[in-house]
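Okay, structure first, notes after.
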Amino acid sequence: MTELNLILLGPPGAGKGTQAERLVSDFGLPYYATGDILRAAVKEESELGQEARAYMDRGDLVPDDLICRVVVERVDSPEARDGFLLDGFPRTIPQADTLAEALENLDRRLTATLLIDVSDEEVIRRLSGRRVCKEKGHTYHLIFDPPKNEGFCDQDGSPLVQRDDDREETVRHRLKVFHDQTKPLIEHYEKRGLLRRFDGSRSPDEVHGHIRATLATLRLEEEL
Ligand code: AP5
Ligand code: MG
């Protein structure tokens with residue numbers, strides 16, 4: 001089987017985590033979401049969490065060197081030998097360069113960067129209604145994807161809460177950070193022929209179907 005080395009790119013609230021859950025179940029890829037890794041570190045009060053916390057609360061990016069170390073270690077681990085799914089990394093050009101260098105050292109290359117595109121208005125709508133479970137971070141939306149029992153996770157029964165950085169003012173700042181620092185990655189990967197775009201305003205199942213179809217085509221092309 002050919003390697004699937006994938007990046008999920010998109011603004012806050014685009015549905016990266018929502019699609020990742022489906023793709024992990026399709027392809028069994030190890031999944032590295034830098035936001036989730038950082039939130040776990042904050043909860044544990046580890047050294048990484050203590051350094052990252054203030055940046056995250058403001059909606060700013062944590063420094064590149066801090067997050068690059070974490071990701072390179074994982075991409076280089078035995079479980080990621082046959083592929084990986086990155087969510088929320090890279091987010092800056094220096095992060096993309098670090099990843100490219102790490103893969104080159106391992107004699108591997110990216111399969112594709114999957115861009116999930118949604119408007120700023122849709123981001124605000126989605127993040128103001130997002131609720132996550134306290135235990136594992138399973139994600140819901142008050143209107144678009146409500147849990148069966150109001151206020152509790154369908155999967156593990158733990159209470160649903162709002163993420164600290166999902167207050168509207170912080171979401172607006174995260175959007176600005178995306179436009180200023182992360183959007184240049186779109187052109188970066190487009191120039192390298194690695195970008196695949198998806199209309200994130202469609203339903204989660206439709207977006208998933210489009211991504212699966214694209215990945216199937218990419219794999220067929222690789223095998224030819
Ligand atoms: P991170 O956790 O990565 O946050 P983000 O990129 O802002 O993205 P989100 O997780 O908010 O959104 P998502 O795209 O996963 O959407 P979701 O599927 O949940 O990063 C958090 C912070 O960590 C950053 O601000 C930064 O400080 C730091 N950080 C992380 N990585 C870093 C890096 N590489 N460098 C530096 N700093 C870093 O969906 C959102 C909502 O919409 C949900 O309620 C969902 O149910 C709903 N929904 C999803 N899809 C649809 C759909 N198609 N239709 C309707 N509703 C939908
Ligand atoms: Mg996410």
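Here's the yes/no breakdown for (1) within 13 Å of the chain's Cα centre (by Cα); (2) at pLDDT below 95; (3) among the hydrophobic types (A, V, I, L, M, F, W, C); (4) within 16 Å of ligand 2 (Cβ to nearest atom):
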{"position": "ARG22", "(1), (2), (3), (4)": "yes, no, no, yes"}
{"position": "ALA54", "(1), (2), (3), (4)": "no, no, yes, no"}
{"position": "GLY59", "(1), (2), (3), (4)": "no, no, no, yes"}
{"position": "PRO63", "(1), (2), (3), (4)": "no, no, no, no"}
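Go through segment 1-43 and give me each residue that's within 12 Å of ligand 1 (Cβ to nearest atom), more than 15 Å from ARG91 (Cα to Cα) and among the basic types (Lys, Arg).
ARG22, ARG39
Kindly provide the set of residues from segment 22-48 that are free of Cβ contacts under 8 Å to residues at least 24 places away in the same chain and under 14 Å from HIS138 (Cα atoms), ordered by number.
Answer for segment 22-48, where residues must be free of Cβ contacts under 8 Å to residues at least 24 places away in the same chain and under 14 Å from HIS138 (Cα atoms): just ALA40.
Return yes or no: is LEU4 crowded, with 17+ Cβ neighbours inside 10 Å, away from ligand 2 (no atom under 16 Å from the Cβ) and under 28 Å from ARG202 (Cα atoms)?
It is true that LEU4 is crowded, with 17+ Cβ neighbours inside 10 Å, away from ligand 2 (no atom under 16 Å from the Cβ) and under 28 Å from ARG202 (Cα atoms).
Mind telling me which of the residues LYS183, LYS176 ends up being in contact with a Gly (Cβ under 9 Å, 6 or more places away or on another chain), away from ligand 2 (no atom under 16 Å from the Cβ) and either farther than 25 Å from LEU4 by Cα or of a type in the set (D, E, K, R) (or both)?
The match here is LYS176.
Can you name the residue in segment 119-155 that is within 18 Å of GLY10 (Cβ to Cβ) and among the polar types (S, T, N, Q) and is also surrounded by the fewest Cβ atoms within 10 Å (Cβ to Cβ) among such residues?
Applying the filter and picking the extreme gives SER119.
Quick check on my filter: what residues within segment 104-136 are over 30 Å from GLU206 (Cα atoms) and touching a strand residue (DSSP E or B) at 6+ places or on another chain (Cβ under 7 Å)?
Listed by number, the list holds a single entry, ARG108.
Conditions: (1) farther than 24 Å from LEU23 by Cβ; (2) in contact with an Asp or Glu (Cβ under 9 Å, 6 or more places away or on another chain). ASP60 meets all but one. Number of the miss?
For ASP60, the failing item is (2).
Determine whether segment 117-125 contains at least one residue that is within 16 Å of ligand 2 (Cβ to nearest atom) and of a type in the set (Gly, Ala, Ser).
No, every residue in segment 117-125 fails to be within 16 Å of ligand 2 (Cβ to nearest atom) and of a type in the set (Gly, Ala, Ser).
Does any residue of segment 156-175 turn out to be under 16 Å from the mean Cα position of the chain (by Cα), exposed (fewer than 15 other Cβ atoms within 10 Å of the Cβ), part of a loop (DSSP other than H, G, I, E, B) and not hydrophobic (A, V, I, L, M, F, W, C)?
no
So in segment 32-52, with the set limited to residues that are surrounded by 15 or more Cβ atoms within 10 Å (Cβ to Cβ), more than 17 Å from GLU135 (Cβ to Cβ) and not β-branched (Val, Ile, Thr), which one is farthest from ligand 2 (Cβ to nearest atom)?
The qualifying residue farthest from ligand 2 (Cβ to nearest atom) is GLU51.
Could you check, for segment 92-101, whether at least one of its residues is surrounded by fewer than 20 Cβ atoms within 10 Å (Cβ to Cβ), at pLDDT 95 or above, more than 15 Å from ligand 1 (Cβ to nearest atom) and within 29 Å of LEU4 (Cα to Cα)?
Checked segment 92-101: at least one residue is surrounded by fewer than 20 Cβ atoms within 10 Å (Cβ to Cβ), at pLDDT 95 or above, more than 15 Å from ligand 1 (Cβ to nearest atom) and within 29 Å of LEU4 (Cα to Cα).
Out of all the residues in segment 26-67, which are in contact with a Phe, Trp or Tyr (Cβ under 6 Å, 6 or more places away or on another chain) and among the charged types (D, E, K, R)?
none
Would you confirm, using the coordinates I've provided, whether THR113 is touching a residue at least 24 places away in the same chain (Cβ under 8 Å), within 23 Å of HIS179 (Cα to Cα) and near ligand 1 (Cβ under 9 Å from one of its atoms)?
When the stated conditions are applied, THR113 does not pass them.
The values are calculated or read from the model by the stated rules, or taken from the named source; none is laboratory data. Because the structure is a prediction, the values reported are computed rather than measured. A quick note on method: Cβ atoms are made from the backbone with ideal geometry, for glycine too, and the neighbour counts reach across all protein chains shown.
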